[in-house]
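Working notes, beginning with the structure itself.
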Amino acid sequence: MNENNTDTPSPEACAGEIFELSGSKFAPDVAAELWPKILRHKWFMSEKLGRDIGLRTACIDFIENMDQVHKEFMAYRQPDFLAEMGAQTVSREIWDTISDSQPPKQLVERRIILPLTEEKLARKHGVVPPKTIIFFGPPGTGKTHFVKAIAGVLSWWYIEIAPSMLMADGADKLGANLRNVMEKARQLEKAVIFIDEFEEIAASRDMATRIDKSITNEFLKQVPLLKNQGNKILLVCATNYIRQLDSALLRPGRFDCIIPVGGLDDEGRKTILRHYLSRLNTGDINIDQITALTDRFTPADIEYMFQKVAQLAFELEYRGKQDYKVTTETFIEVVAQIPPSLTDEIIEEFRQDSATYSRA
Ligand SMILES: Nc1ncnc2c1ncn2[C@@H]1O[C@H](COP(=O)(O)OP(=O)(O)OP(=O)(O)O)[C@@H](O)[C@H]1O
Ligand SMILES: [Mg+2]
């Protein structure tokens with residue numbers, strides 16, 4: 001017999017079978033739910049012991065230890081869930097590419113990392129580590145990068161759930177797929193579950209014409225389930241459009257923290273510049289000058305600038321047939337071709353959103 005035995009008898013037959021095997025009486029509808037689990041337990045125990053344990057033993061053992069059996073089975077399935085959900089490990093070093101001055105690094109450290117790493121002290125003072133977080137901010141400001149950095153610094157699994165994955169079977173399956181993913185997620189230990197482009201699935205009910213509106217309701221059901229679970233799971237959702245999210249989701253009690261991820265100051269840009277500069281073949285570099293040139297650049301703009309600089313250097317050496325060293329002049333030339341992503345309008349909108357929605 002395999003784990004996915006499908007020939008389920010009628011509820012009455014299930015109740016009859018269970019009574020005959022174990023002497024325990026269950027209402028037919030309860031028995032019908034238990035029956036596949038008993039079969040699964042027989043399979044699981046037989047696998048564990050390396051011999052067929054028989055249906056009677058499995059049934060009695062299952063009924064005596066129902067809770068424990070469920071937990072054990074789920075723990076056994078954890079590697080499968082991790083593989084199915086595409087869990088990745090992330091290097092700790094990502095955290096170090098973010099300057100202390102780059103918001104919200106210090107906030108994330110105080111509110112998320114420390115309560116999870118200094119558990120005893122947090123418990124002593126009644127600090128409850130957040131379990132559900134929203135990052136919002138303009139495109140390219142480093143939201144995804146922050147989530148990965150958190151997983152890396154905690155040494156937890158990083159699991160990214162794309163809305164397209166949840167919508168793969170059509171809009172009407174969105175709620176069911178979300179429930180399915182969250183059920184698996186709740187069985188995990190030490191995992192950061194990241195839902196990017198959250199507005200795609202959680203837009204305000206008045207705006208959500210494309211998708212089934214029940215998704216917000218499903219989400220509202222899943223969040224408390226996740227919070228009640230004792231294990232170490234962090235659900236992080238990111239969006240560029242916080243205003244579009246259903247206000248029911250943004251109310252206190254749903255998401256523990258709503259955190260803006262905005263522009264970089266000089267120190268923040270300099271840290272990223274240093275990080276990417278270390279990969280280039282450099283000559284004379286004035287980092288302060290490049291920092292000044294890249295005012296209003298997002299991390300994504302900086303990354304793009306470095307790609308262009310690298311390509312230019314490569315081509316110049318290829319054509320010139322001699323060592324080409326990247327200098328401040330190379331950056332001056334390339335920066336002129338890249339308009340900064342953060343405009344006055346975007347900055348103002350983000351400032352307003354930060355004032356309206358932030359909650360730590
Ligand atoms: N502090 C940083 N140091 C180095 N690279 C960074 C840093 N922050 C972000 N990046 C890089 O900049 C790029 C953009 O960042 P990221 O993808 O995290 O932005 P985002 O806010 O998630 O964007 P979007 O809204 O488009 O999803 C990524 O390639 C990322 O690796
Ligand atoms: Mg992103």
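Can you name the residue in the range 132-176 that is without any contact (Cβ under 8 Å) to a residue 40 or more places away in the chain and not hydrophobic (A, V, I, L, M, F, W, C) and, of all such residues, is surrounded by the most Cβ atoms within 10 Å (Cβ to Cβ)? Even if it seems obvious, please write down each step before you answer.
Kept after step one, since they are without any contact (Cβ under 8 Å) to a residue 40 or more places away in the chain, are these residues of the range 132-176: 162-166, 168-170, 173, 176.
From what's left, not hydrophobic (A, V, I, L, M, F, W, C): 163-164, 169-170, 173.
Details: Pro163: 19, Ser164: 11, Asp169: 11, Gly170: 10, Lys173: 14.
The extreme case among them is Pro163.
Return the residue satisfying two criteria in turn: it lies in the range 126-136 and is within 23 Å of Ile346 (Cβ to Cβ) and in contact with an Asp or Glu (Cβ under 8 Å, 6 or more places away or on another chain), and of such residues it is nearest to ligand 1 (Cβ to nearest atom). Checked the range 126-136; the qualifying residue nearest to ligand 1 (Cβ to nearest atom) is Phe136. Listed by first and then second residue, the pairs with beta-carbon distance under 7 Å, at least 6 apart or on different chains, first residue in the range 222-248 and farther than 17 Å from Gln187 by Cβ and open to solvent by 60 Å² or more (accessible area, probe 1.4 Å), second assigned to a helix (DSSP H, G or I) and not basic (Lys, Arg), are Tyr241/Glu199; Arg243/Asp353.
Which residue is nearest to ligand 1 (Cβ to nearest atom), if the candidates are limited to the range 92-125 and must be among the polar types (S, T, N, Q) and surrounded by 13 or more Cβ atoms within 10 Å (Cβ to Cβ)?
Thr97
Mind checking whether some residue in the range 19-32 is out of contact with any helix residue (DSSP H, G or I) (no Cβ under 6 Å at 6 or more places or on another chain), assigned to a helix (DSSP H, G or I) and modelled with pLDDT of 90 or more? There is at least one residue in the range 19-32 that is out of contact with any helix residue (DSSP H, G or I) (no Cβ under 6 Å at 6 or more places or on another chain), assigned to a helix (DSSP H, G or I) and modelled with pLDDT of 90 or more.
Restricting the range 143-173 to residues that are out of contact with any strand residue (DSSP E or B) (no Cβ under 9 Å at 6 or more places or on another chain) and within 16 Å of ligand 2 (Cβ to nearest atom), which is farthest from Arg296 (Cα to Cα)?
First, the residues of the range 143-173 that are out of contact with any strand residue (DSSP E or B) (no Cβ under 9 Å at 6 or more places or on another chain): 145, 149, 153, 155, 164-165, 167-173.
Filter once more, keeping what is within 16 Å of ligand 2 (Cβ to nearest atom): 145, 149, 164-165.
Values: His145: 18, Ala149: 23, Ser164: 31, Met165: 33 Å.
The selected residue is Met165.
Scanning the range 282-308 for residues that are away from ligand 1 (no atom under 15 Å from the Cβ), open to solvent by less than 70 Å² (accessible area, probe 1.4 Å) and over 12 Å from Asp266 (Cα atoms) yields Thr282, Gly283, Ile285, Asn286. Being surrounded by 11 or more Cβ atoms within 10 Å (Cβ to Cβ) and acidic (Asp, Glu) is the filter here; which residues of the range 344-360 pass it? Across the range 344-360, the qualifying residues are Glu349, Asp353. For residues in the range 310-342 being open to solvent by 60 Å² or more (accessible area, probe 1.4 Å) and under 33 Å from the mean Cα position of the chain (by Cα), which is nearest to Leu107 (Cα to Cα)? This residue is Pro339. Of the listed requirements (1) closer than 28 Å to Trp95 by Cβ; (2) open to solvent by 20 Å² or more (accessible area, probe 1.4 Å); (3) assigned by TED's automatic domain parsing to the domain that holds Phe135, Ile258 misses just one: (2).
Of the residues making up the range 231-252, those that are β-branched (Val, Ile, Thr), within 13 Å of the chain's Cα centre (by Cα) and within 16 Å of ligand 2 (Cβ to nearest atom) are Val236, Thr239.
The values are calculated or read from the model by the stated rules, or taken from the named source; none is laboratory data. This structure is a prediction, so every number in the text was calculated from the model and none was measured. Heads up, the Cβs are rebuilt from the backbone with ideal geometry, glycines too, and the neighbour counts pull from every protein chain shown. The protein model used for the area step is the full one, side chains on, heavy atoms only, and it has no ligands, DNA or RNA in it. Shrake-Rupley method; radii C 1.70, N 1.55, O 1.52, S 1.80 Å.
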